[in-house]
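Data first, discussion second: the structure below is written as structure tokens.
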Amino acid sequence: MTCKLKKWELTDAGDLAKALSNTKIQDNLRDGLPYPYTEKDGIDYISAMLSADENETFAFAIALDNKVIGSIGVFRQGNIHRQTAELGYYIAEEYWGKGIMTDAVRQICKYVFDKSDIIRIYAEPFAHNAASCRVLEKAGFQYEGTLRSNAVKNGRVIDMRMYSLLRAEI
């Protein structure tokens, strides 16, 4: 299945709320997202993404058959890391394991490298999230190492894995 990355629209908030009101998804994301995730939460997020500096925040909806099924973004870092950006993503559970997220990761990385001065995109999935790690590997990211006891999620101290893709590797 081939997905399309598209600019967010406020009308996407309902699809976004459906995808994020799932603890299996939220358990693999950073803290701070409301649960259940409402359409108003989606409107607030989409509004923030639409008003963000387009050279700092590269945020897109993942669409399949004109329906938003997930979110993907690359976020520029600061100071000495100003040409480095962090990748984050999720997709609705019913679309897991179909290669859609790998396709979306490839698309956004090409877009960011083509449209900006970013030289390195990295991601830090939870080490126990084998599917997310596999997405990155299939998209050409290199495993750099394990960040031991790097996060506390749902009351548990967990490891994270560091992956990166360099502009020169595309």
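The values are calculated or read from the model by the stated rules, or taken from the named source; none is laboratory data. Nothing here was measured: the structure is a model prediction, and the numbers come from that model. No Cβ is skipped: glycine too gets one built from the backbone with ideal geometry, and neighbour counts run over all protein chains shown. Areas reflect the complete protein model, heavy atoms only, side chains present, ligands, DNA and RNA absent. Shrake-Rupley method; radii C 1.70, N 1.55, O 1.52, S 1.80 Å.
The figures follow:
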| quantity | calculated |
| --- | --- |
| ³J(HN,Hα) computed for each position of segment 158-168 - Karplus, 6.51 cos²θ - 1.76 cosθ + 1.60, integer Hz, glycine/proline x | 10, 8, 10, 10, 9, 10, 8, 10, 9, 3, 5 |
| Virtual spin-label span in nm between Asp65 and Asn28, 7 Å along Cα→Cβ | 2.2 |
| q = 0.16, 0.25 Å⁻¹, segment 57-147: log10 I(q)/I(0) [Debye, one scatterer per Cα] | -0.65, -1.41 |
| Within the accessible area of the chain (1.4 Å probe), percent carbon and sulfur | 50 |
| Listed peptides 81-88, 150-157, 117-124 by packing density, highest first (mean Cβ within 10 Å) | 117-124, 81-88, 150-157 |
| Dimensions (Å) - segment 17-170, Cα atoms, principal axes, largest first | 40, 34, 32 |
| Length released on extending from Ile158 to Lys98, taking residue separation times 0.36 nm less the Cα-Cα span | 18.9 nm |
| Candidate residues Lys18, Lys98: accessible-area rank, largest first, probe 1.4 Å | Lys18, Lys98 |
| Nearest-10 value in Å² for the accessible area of Tyr143, using the 1.4 Å probe | 100 |
| Per residue accessible area of segment 1-76, 1.4 Å probe, in Å² | 53 |
| For segment 73-79, 3J(HN,Hα) per residue [Karplus equation, 6.51 cos²θ - 1.76 cosθ + 1.60, θ = phi - 60°, Hz, x = Gly/Pro] | x, 10, 10, 4, 8, x, 6 |
| Heavy atoms of Thr2: accessible area, 1.4 Å probe, square angstrom to 10 | 110 |
